[in-house]
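What follows is a single structure, written as structure tokens, with notes after it.
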Amino acid sequence: MDKLVSIIVTVYNTAEFLEECLTSVTNQVYKNIEIIIVNDGSTDNSAEIIEQFTNADSRSRSINLTENKGVGFARNLGIEQATGDFVYFVDSDDFINEHAVDKLVQGLGNKTYIIGRTKKLTNKEDSNIDIDEQAVTVRKRKKVFKVLQNLSVLNSLFSMEIIRKYNLRFSEETDCYTEMAFLVPLFKKRTVIYQVKESVYFRRLRNDPITNPSLMQQDREKVLKDFLTVYNQLKAELKGKSKEQKLLDKLLIHFYRSKFILIMRDATQIERNFEQLADAMEKVSPGQYKNQNLLVRGELKALREHKLKSYKRAIRIHHFGRESKQTFSSKTKLTRQIYKDIFQKRPLNDKKIVFESFLGKNYADSPKYIYEYMVKHYPDYEFVWSFNETNHDIPGNAKQVKRLSLAYYYHMATAKYWVNNMRQPLHLQKREGNVFLQTWHGTPLKKLVFDMDEVYSANPKYKQQFYEQSRLWDYLIAANSYSSDIFKSAFKFDKVMLEDGYPRNDTLYINNNSDYITKMKTKLNIPLDKKVILYAPTWRDDEFYEPGKYKFNLKFDLQKLHEKLGDEYVILLRMHYFIADDLNIDGYEGFVYNMSKYDDIAELYLISDILITDYSSVFFDYSNLRRPILFYTYDLEKYRDQLRGFYIDIENEVPGPLVKTTDEIIDAVLNIDKVTIDYKEKYDIFYDKICSWESGKATEKIVEKVFKKN
């Protein structure tokens, strides 16, 4: 009969991942398992999910703790309850391939311990791997310490015999590094580790380390203190056991060099942590220092001898050397170092403002309108615009600097005011006295940042980076109460919300007249005798070539649109700035105009008679004009349920029909008067919700609050 495997799943507030995790466990090809789920005092709805699974699978049982005891306590409790011949651990925010346990059991033979392969997961596509169901490739890993230094028990099969023999248990004193107590005794005599590459465990890189961090995403100082606590505890418990002591010392030196030394760049961290680190280093065998370089040996010696001044001097030299090496490795790093060490020490100019729109791509959006108002009413200010290419024809006497150039960093360092509609580079440092006006770039339909459960995009650190960047904002503009509420939640914004409408929408009230529209059509060579359809879709989070490079293809039949609408209409294409492709519209000249690179979409709104969009925020702004809007939602189910989710009920609240085919677009356009009548009541409700703050004077109100006040 097959050996029984006890799978221990520890759970603490991971409801958003738990169903996927437990499903992967219950669906294992290897059937002779017992599943022990330890709910470690979760306060979310994890308990309900666990109950559903234990009721559905007789092999499952749960242990529910009334308060959080920590992962070490929970795993130890699972071991005590286990009746299997082998033990396998799973974290509740991860999941495993259906063959994971089966392949380990097959590869085990007469061994007491074997590991599988762990794959870091940043998006759903990472789990699409092929497993040879017939093969079991067992290989020897001779660098045992390299396996140990991961300090992970995940995707490993441990015999209950060896757990009992060495009385293996997890530390219960800390949140982090509890595995050290379990693994060090196990590794003491090993010269090789056996691995089965067909056994795959998917370890999720949690994308929300701010509100729901994994254990190792916690504050660095806590991670350091937890390591030292476990190290000291094991040093005392394993006294006289030289092999275990040697492994512990190697681990301390390894983590000091790879992680803890980075904490010590901060002088306040040195003051807080020096004594505890020095106490631990005093216990390290001097033989462990021999293979370290001269600088590290000096730091370790100062720690061992509790010489704080000597340690500060050594660590300062170490980090200066590291930074100098990095600084001169590229022009970009040298520029950033000059910004940090020289430009940031220059005095702030109280009358200087740096403007930027869409990462320097164009002269547009609310920063444009704030700038033009200030040029007219506050000409004594010094204005700087950040562009990717510095050849824009703009009014006023603003300096144009190339984004991320030396001049850019100089002005960012010395300007009191920053005005931007996107996130700024992570390495920009805000100085005391800086004022950051974040205009943002749209009213949200799709879930944003901390309102998203998972991020299906190319950057798994999106939430963490967004949080760090948004801490620098002093003012944030909201166009309506709907947006204001969302921004406070999604951005965790708690500073000054400017609730006056969008400066970029002022023009929709000021210039909504035939003279201006005719002038703009003439400027853009749009036929004056044709009506205009503006097609402005969003990008799809899951369609990307590489980080920051997205793709998009037109999903309607241009030829059919040309045949049915070409006599009366032209189409302007305005694609999202994330989209990398240049659209090919050869053969449709005079009917289709690619305006994707035109700076100011507000001017395109004004000359358009109908807007076609999907899930882009453009329809919120366009609704200020009270003109017809069609929603081309050919992938609604996928976008709503899988990719982002919506803040509003798009099927019932938006001020226009949802169309899903080219024929439906044509029918709606040919009957646009009927569409307008059919959606009048819904449009009025939507307008009152979204546009009631707009008056054409948002720019004036915001400038008075931000610049005149300061």
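A few remarks follow.
- Flag if Asp500 is in a helix (DSSP H, G or I), over 20 Å from Val354 (Cα atoms) and modelled with pLDDT of 95 or more: no
- Look at (1) more than 26 Å from Phe619 (Cβ to Cβ); (2) in contact (Cβ under 8 Å) with a residue 24 or more places away in the chain; (3) part of a loop (DSSP other than H, G, I, E, B); (4) charged (D, E, K, R) and you find that Arg423 fails only one, number (1).
- Qualifying residue in the stretch 428-442 (condition: open to solvent by less than 40 Å² (accessible area, probe 1.4 Å), assigned to a loop (DSSP other than H, G, I, E, B) and more than 30 Å from Ile338 (Cβ to Cβ)): yes
- Per-region count, the stretch 503-525, residues in a loop (DSSP other than H, G, I, E, B) and within 15 Å of Lys368 (Cβ to Cβ): 1
- Residue among Ser42, Ser24 that is in a loop (DSSP other than H, G, I, E, B), of a type in the set (Ser, Thr, Tyr) and open to solvent by less than 40 Å² (accessible area, probe 1.4 Å): Ser42
- Residues in the stretch 386-395 that are open to solvent by less than 50 Å² (accessible area, probe 1.4 Å) and at pLDDT below 95: 1 in all.
- Filter result for the condition that a residue is open to solvent by 30 Å² or more (accessible area, probe 1.4 Å), in a helix (DSSP H, G or I) and either out of contact with any Lys or Arg (no Cβ under 8 Å at 6 or more places or on another chain) or modelled with pLDDT of 85 or more (or both), over Lys246, Lys235: Lys246
- Search result, residues across the stretch 115-135 that are at pLDDT below 90 and touching a strand residue (DSSP E or B) at 6+ places or on another chain (Cβ under 7 Å): Lys120, Leu121, Asp126, Ser127, Ile129, Ile131, Asp132, Ala135
- Residue list for the stretch 472-491, filter: buried (at least 16 other Cβ atoms within 10 Å of the Cβ) and under 22 Å from Phe646 (Cα atoms): Leu476, Ile477, Ala478, Ala479, Asn480, Tyr482, Ser483, Ser484, Ile486, Phe487, Ala490, Phe491
- Among the strands (runs of 3 or more DSSP E) confined to the stretch 71-169, the ones with at least 3 residues that are open to solvent by 10 Å² or more (accessible area, probe 1.4 Å) are located at 113-121, 138-141.
- Residues satisfying the stated conditions in the stretch 659-686, i.e. within 33 Å of the chain's Cα centre (by Cα) and buried (at least 16 other Cβ atoms within 10 Å of the Cβ): Val659, Phe686
- Screening the candidates Ala47, Ala15, Ala56 for the property of being farther than 20 Å from Leu205 by Cα, under 28 Å from the mean Cα position of the chain (by Cα) and of a type in the set (A, V, I, L, M) yields one hit, Ala47.
- Segments classed as strands (runs of 3 or more DSSP E), wholly inside the stretch 583-689, with at least 2 members that are β-branched (Val, Ile, Thr): 610-613
- Counting only residues that are modelled with pLDDT under 90, more than 17 Å from Asn594 (Cβ to Cβ) and open to solvent by 70 Å² or more (accessible area, probe 1.4 Å), the stretch 527-560 holds 4 of them.
- The number of residues in the stretch 79-131 that are touching a helix residue (DSSP H, G or I) at 6+ places or on another chain (Cβ under 7 Å) and without any contact (Cβ under 8 Å) to a residue 60 or more places away in the chain comes to 1.
- Within the stretch 499-513, residues that are on the phi > 0 side of the Ramachandran plot have Cβ atoms under 6 Å from residues that are crowded, with 22+ Cβ neighbours inside 10 Å in these pairs: Gly501/Ala479; Gly501/Ala698, counting only partners at least 6 apart in sequence or on another chain.
- Long-range neighbours under 6 Å by Cβ, at least six apart or interchain, first residue in a helix (DSSP H, G or I) and open to solvent by less than 70 Å² (accessible area, probe 1.4 Å) within the stretch 330-346, second among the aliphatic types (A, V, I, L, M) and modelled with pLDDT of 90 or more: Thr335/Leu406; Tyr339/Ala413; Phe343/Ala413; Gln344/Ala413
- Residue match in the stretch 188-205 (condition: assigned to a helix (DSSP H, G or I) and either of a type in the set (Ser, Thr, Tyr) or open to solvent by 10 Å² or more (accessible area, probe 1.4 Å) (or both)): no
- Subset of the stretch 477-487 [in a helix (DSSP H, G or I) and within 13 Å of Trp440 (Cα to Cα)]: Ser483, Ser484, Ile486, Phe487
- Residues of the stretch 303-327 that turn out to be of a type outside the set (Val, Ile, Thr) and either modelled with pLDDT under 85 or not in a helix (DSSP H, G or I) (or both), as a count: 15
- Which numbered condition Phe383 fails, given (1) open to solvent by 40 Å² or more (accessible area, probe 1.4 Å); (2) outside any helix (DSSP H, G or I); (3) over 16 Å from Arg504 (Cα atoms): (1)
- Filter pass, Gly298 being in contact with a helix residue (DSSP H, G or I) (Cβ under 9 Å, 6 or more places away or on another chain), part of a helix (DSSP H, G or I) and surrounded by fewer than 16 Cβ atoms within 10 Å (Cβ to Cβ): no
- Tyr113 falls short on exactly one of the conditions (1) out of contact with any Ser or Thr (no Cβ under 8 Å at 6 or more places or on another chain); (2) farther than 19 Å from Gln28 by Cβ, and that condition is (1).
- In the stretch 1-13, the residues that are buried (at least 16 other Cβ atoms within 10 Å of the Cβ) and either touching a strand residue (DSSP E or B) at 6+ places or on another chain (Cβ under 8 Å) or not polar (S, T, N, Q) (or both): Val5, Ser6, Ile7, Ile8, Val9, Thr10, Val11, Tyr12
- Test: residue in the stretch 361-375 that is surrounded by fewer than 18 Cβ atoms within 10 Å (Cβ to Cβ) and of a type in the set (Val, Ile, Thr): yes
The values are calculated or read from the model by the stated rules, or taken from the named source; none is laboratory data. What you are looking at is a predicted structure, and each value in this text was computed from that prediction instead of being measured. Heads up, the Cβs are rebuilt from the backbone with ideal geometry, glycines too, and the neighbour counts pull from every protein chain shown. The area values use the complete protein model at the heavy-atom level, side chains included, leaving out ligands, DNA and RNA. Shrake-Rupley method; radii C 1.70, N 1.55, O 1.52, S 1.80 Å.
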